[in-house]
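Just below is one structure, and these are the notes that go with it.
The values are calculated or read from the model by the stated rules, or taken from the named source; none is laboratory data. Treat the numbers as computed from the prediction; the structure is a model and nothing was measured. Using ideal geometry, Cβ is built from the backbone for each residue, glycine included, and neighbour counts are taken over all protein chains shown. Just the protein is used for accessible areas: all its heavy atoms, side chains included, with ligands, DNA and RNA removed. Shrake-Rupley method; radii C 1.70, N 1.55, O 1.52, S 1.80 Å.
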Amino acid sequence: MSIKFRSKELSPAEASFLKWQYGFDEEDEPFERALWQAIMRAWDADVASETSPRHLERLGCANAYPEEVALYVKFRAEDSDRIWNELIRRAGLADRRTRKVDTTVDRRGRSGARA
């Protein structure tokens, strides 16, 4: 899947975030996927921890992709629809959430029902 958008309107972190939300491009580098997985795991660990180990805070330190971490935390913690709609508008993309998209499970369910 390839996504075309106005990259001049977005920071590298915002462009990476949109690619991540829409699905990875073939050109995406493996470390980007690992970064987003690390952010999600840190988020989940921080939420689940009673002692609050602050994994996200450590990920946001210098030389640890602070812009990407900050964008992800802002998206998860604040008004995510407002942030998402602003990124979509600046990228010149149609919001995929306005369309009904069949998931793999939906397609399998229909094909299994016909058998």
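Report, by residue number, each residue of the stretch 44-89 that is touching a Lys or Arg at 6+ places or on another chain (Cβ under 7 Å) and closer than 14 Å to Phe17 by Cβ.
Result: Ile83, single match.
Taking the criterion of being open to solvent by less than 70 Å² (accessible area, probe 1.4 Å), at pLDDT 85 or above and hydroxyl-bearing (Ser, Thr, Tyr), would at least one residue in the stretch 80-89 satisfy it?
Checked the stretch 80-89: at least one residue is open to solvent by less than 70 Å² (accessible area, probe 1.4 Å), at pLDDT 85 or above and hydroxyl-bearing (Ser, Thr, Tyr).
Those residues that are at pLDDT 75 or above and more than 23 Å from Ser11 (Cα to Cα), I need them from the stretch 43-65; list them, please.
Hits for the stretch 43-65 are Asp44, Ala45, Asp46, Val47, Ala48, Ser49, Glu50, Thr51, Pro53, Arg54, His55.
Would you mind stating whether Ala13 is modelled with pLDDT of 80 or more, within 19 Å of Arg76 (Cβ to Cβ), out of contact with any strand residue (DSSP E or B) (no Cβ under 9 Å at 6 or more places or on another chain) and surrounded by 13 or more Cβ atoms within 10 Å (Cβ to Cβ)?
yes
For the stretch 90-115, enumerate the residues that are farther than 20 Å from Ala15 by Cα, basic (Lys, Arg) and modelled with pLDDT of 70 or more.
Arg110
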